[in-house]
1. Can you find even one residue in segment 43-63 that is open to solvent by less than 40 Å² (accessible area, probe 1.4 Å), under 19 Å from the mean Cα position of the chain (by Cα) and charged (D, E, K, R)?
2. Taking Ile150 as the residue in question, decide whether it is more than 30 Å from Leu238 (Cβ to Cβ) and open to solvent by less than 40 Å² (accessible area, probe 1.4 Å).
3. Just to be sure I understand, how many residues within segment 214-228 are modelled with pLDDT of 95 or more and touching a Phe, Trp or Tyr at 6+ places or on another chain (Cβ under 6 Å)?
4. Being outside any helix (DSSP H, G or I) and either modelled with pLDDT under 85 or among the hydrophobic types (A, V, I, L, M, F, W, C) (or both) is the filter here; which residues of segment 16-58 pass it?
5. Determine if segment 104-127 includes at least one residue that is at positive phi, within 18 Å of the chain's Cα centre (by Cα) and in contact (Cβ under 8 Å) with a residue 12 or more places away in the chain.
6. So which of Ser98, Ser78, Ser24 is open to solvent by less than 80 Å² (accessible area, probe 1.4 Å), among the polar types (S, T, N, Q), more than 16 Å from the chain's Cα centre (by Cα) and more than 19 Å from Phe159 (Cα to Cα)?
7. Looking at (1) free of Cβ contacts under 8 Å to residues at least 24 places away in the same chain; (2) open to solvent by less than 60 Å² (accessible area, probe 1.4 Å), which one does Gln250 not meet, given that it meets all the others?
Amino acid sequence: EERTNSLRLANEDLAIFNEKMTDSISYAKRIQMAILPNEDEIKKVIPDFFTILKPRDIVSGDFYWFTHIESTPRGPISIIVLADCTGHGVPGAFMSMSGNAFLNQVVNVQQIYDPGQIAIAVNNIIEDTLQQDIKTESTRDRMDAAICSIVHDKKEIEFAGANRPLMYMRNDELLKVSGAKASLGGNQSEIDPSSAFQTTKISFAESEIAVYLYSDGYTDQFGGYDNKKFGLSQLKKLINENATKPSEFQQSIFGFAINDWITNGEEEQTDDILLF
């Protein structure tokens, strides 16, 4: 009986601890969500914008970032970034909050608007801030990112990717621009950031395009009746079938597709998921 009481008390203590921890992380989620861009602000310059963000563990290592600069030498520019930080849950969320601050520093303070140059600058800040010296046992945390600058007067999108691609639909043709095979930060001695992170230009002067950015949590999610990854081919199929439809409809379709994939496979969500 004494052993039973001890176990009961231990379980009660554990339950209280778990409740306090969950409450704390849930409050942290409110802070993290508050820092994300206001969708209404994004829609002022990108009217057909939608986003799907599904954290795996309450808070997320995936985030998106946005700013609009009305006055630059090239006219108004909007910059939107999809970022996927190492880890998920609390470690990923800490890194995402840092990544948000680094982007603010590089774009809004240093006034760097070229995506390739943004990638190089953020890479350097991560390595400096986290003291990622190859000679020490410092962190190897890093951030994958897809960085887009919309140069409105030129009707041009400039893109640079760090382990994340961009896909876009133009005149019923789906095209993909791969980013560099390197992350931001992590002191990857095998890469030279100044040559790895290059800017690609995509014009939408002649015809409208539908642009999609996504973290690997979407395509790598296991599920379905065969318990396989959702995969790039299914994502491409969704884009092909829905790129011309209203953004609210697309949000429902892309959200339902990944939720259904997880449910039918009776799987747990394996990573944070972000698509817009």
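The values are calculated or read from the model by the stated rules, or taken from the named source; none is laboratory data. What you see is a predicted model, and the numbers here were worked out from it, not measured in a lab. So basically every Cβ, Gly included, is an ideal-geometry build from the backbone, and we count neighbours across all protein chains shown. These accessible areas exclude ligands, DNA and RNA; they are computed on the full protein's heavy atoms, side chains included. Shrake-Rupley method; radii C 1.70, N 1.55, O 1.52, S 1.80 Å.
1. Yes, the conditions are met somewhere in segment 43-63.
2. The answer is no for Ile150.
3. Residues meeting the conditions: 2.
4. Leu36, Ile46, Phe49, Phe50, Ile52, Leu53, Ile58
5. No; the residues of segment 104-127 include none that is at positive phi, within 18 Å of the chain's Cα centre (by Cα) and in contact (Cβ under 8 Å) with a residue 12 or more places away in the chain.
6. That would be Ser24, the only listed residue that is open to solvent by less than 80 Å² (accessible area, probe 1.4 Å), among the polar types (S, T, N, Q), more than 16 Å from the chain's Cα centre (by Cα) and more than 19 Å from Phe159 (Cα to Cα).
7. In the conditions (1) free of Cβ contacts under 8 Å to residues at least 24 places away in the same chain; (2) open to solvent by less than 60 Å² (accessible area, probe 1.4 Å), Gln250 misses (1) alone.
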